[in-house]
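Working notes, structure below.
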Amino acid sequence: MKRRAVIRGIGSYLPSRIVTNAELAARVETTDEWIMQRTGIAQRHVAAEGETTSMLATRAAEAALAHAGIDASEIDLIVLATATPDYTFPATATQVQNNLGITHGVAFDIAAVCSGFVFALSTAEKFLLSGSHKRALVIGAETFSRILDWNDRTTCVLFGDGAGAVVLEAQDGKGTVADRGVLSTHLRSDGRHRAKLFVDGGPSTTGTAGHLRMEGREVFKHAVGMITDVITDAFAATGVDADTLDWFVPHQANRRIITASADKLNIAPEKVVITVSEHGNTSAASIPLALDVAVKDGRIKPGHLVMLEALGGGFTWGSALVRW
Ligand code: ACO
C-alpha cells in the first residue's frame, strides 16, 4: 500500500475583460497575424482595476471546492504559486485562506514563475505523503498585466491574467502506476539563466514591482530541451511512455514550444491540450486553467494518465505525471 495525492476537483477563474490582438495592435506596433503566427495567441484576459491575484485565486479555489464537493473547512493546506502577489508580504495564500474562512492549517506561496503550479503540486504532494496534512488546495494565480511594460511589443502581447486550482487529497493506493493521483514529479532549476527572463524590480533592489524583461529567442532555444528532459525523467521513473499517456497538458507559453516539445517526445497531436490561443501565457495559472477546460469539456476523464510540464523564469522547470 502507498499513500497517493489524488486530485478530487478542479476550478478556474478568468477576469471578464478580454483583450484581443487587434486591441494591442492599436497600442503598439504589432499585428494579429504576427502574434498568431509566432505564438498562437488570439486573446488574453486582463484583471479589472482593483481585481487582485488573491481575488482570482479565491474564485478558482471556490470553483475547485464545489467541483470536489468538499467544504473549505476540510482543507488543511493551501499552496499558492504566483509571481504577482497582492503584496510583498503577507503571502497571497494567507489572503485566500482568510477569504475562504479557514483559520486552521497552513497556507504559503511558492515562487517559481511559470513552473509554479508544478512546483506547488509537488510540494503539496510531499506534505500529503508525509501524513502531516490531509487535503490541500493547490492554486496557480497571476495578474501579469501588472508587471508588463505595455509599450514593449516583444513581451506585452504574450501574457494574460487568470487563476486555476485543484483539490488534492491523501488516499491509499497500491503503489503502482494504476493508482489514481500524482505518480511522479521532477523539478529543476538553474539560476545561471536569470537574465533571459526576469523582472527588473523588487523590494530589495529598486523598491518597486518592476517590469518583465525577456530574451524571447534565448528562452525558446532552451525551453524544448529542458521540458523534454524532465518528461523523459518521468517516463523512466514510472515506465509510462508517450503511447500510454492519455493527455499532455503543458504550460501554455507559446504554441510553437508546445508542439515542438510534443513532436520531440512523439506525443500524438490529438493528445495535446492547447488553450494558449484563448488565455495567453498566464504563468503559474496556465496548467490548471488548461486542465479545467479539458476536464469540463469531457476530454480528461477519471483514470486517464495526464502529463503536466512547465518552464519559467530562473530558469525553473518540471514535470508531473498524474492519473486523474
Ligand atoms: N509584433 C511584431 N513584431 C515583433 C513583435 C510583435 N509583438 N515582437 C517582436 N517583433 C519583431 C522583432 O523586433 C524582430 O524584428 P527585427 O527582425 O526587425 O529585429 C522580429 O519581430 C523577430 O523577433 P524574434 O524575437 O526573433 O521573434 P521570434 O520568432 O523569436 O518570436 C517570441 C518571438 C514569440 C517571443 C519567441 O521567441 C518565443 O516564443 N519565445 C519564447 C518566449 C516565451 O514564450 N516566453 C514566455 C515566458 S517563458 C515561458 O513561459 C516558457
Just the residues that are on the phi > 0 side of the Ramachandran plot and in contact with a Gly (Cβ under 8 Å, 6 or more places away or on another chain), please, taken from region 172-187.
G181
Name the pairs whose Cβ atoms lie under 9 Å apart, with the first residue in region 79-93 and farther than 12 Å from G164 by Cα, the second basic (K, R), and 6 or more positions between them or separate chains?
T84/R146
Of all residues being under 20 Å from R59 (Cβ atoms), outside any helix (DSSP H, G or I) and not hydrophobic (A, V, I, L, M, F, W, C) in region 100-128, which is farthest from the ligand (Cβ to nearest atom)? Just the residue, please.
G101
Residues being more than 16 Å from the ligand (Cβ to nearest atom), more than 22 Å from E309 (Cβ to Cβ) and aliphatic (A, V, I, L, M) - total across region 131-167
0
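Do the conditions hold for A285, that is, is it within 16 Å of the ligand (Cβ to nearest atom) and assigned to a loop (DSSP other than H, G, I, E, B)? Steps first, answer last, please.
Numbers: within 16 Å of the ligand (Cβ to nearest atom): yes; assigned to a loop (DSSP other than H, G, I, E, B): no.
Considered against the rule, which asks whether it is within 16 Å of the ligand (Cβ to nearest atom) and assigned to a loop (DSSP other than H, G, I, E, B), A285 comes out as no.
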Can you tell me how many residues in region 295-321 are surrounded by fewer than 20 Cβ atoms within 10 Å (Cβ to Cβ) and among the aromatic types (F, W, Y)?
0
Please verify whether region 168-187 includes one or more residues that are assigned to a strand (DSSP E or B), over 18 Å from I41 (Cβ atoms) and within 16 Å of the ligand (Cβ to nearest atom).
yes
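List the strands (runs of 3 or more DSSP E) inside region 192-282, counting only whole elements, that have at least 1 residues being farther than 26 Å from A141 by Cβ, β-branched (V, I, T) and away from the ligand (no atom under 12 Å from the Cβ).
On the way: elements: 197-199, 212-214, 247-250.
Those strands (runs of 3 or more DSSP E) do not exist here; none qualify.
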Considering residues of region 1-40 that are part of a loop (DSSP other than H, G, I, E, B) and near the ligand (Cβ under 9 Å from one of its atoms) only, the residue surrounded by the fewest Cβ atoms within 10 Å (Cβ to Cβ):
E29
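The numbers here are math on the coordinates, done by the rules we state, and not lab data. If you're wondering where the values come from, they're calculated on a predicted model, not measured in any experiment. Reconstructed Cβ throughout: ideal geometry from the backbone, glycine too, with neighbour counts over all protein chains shown.
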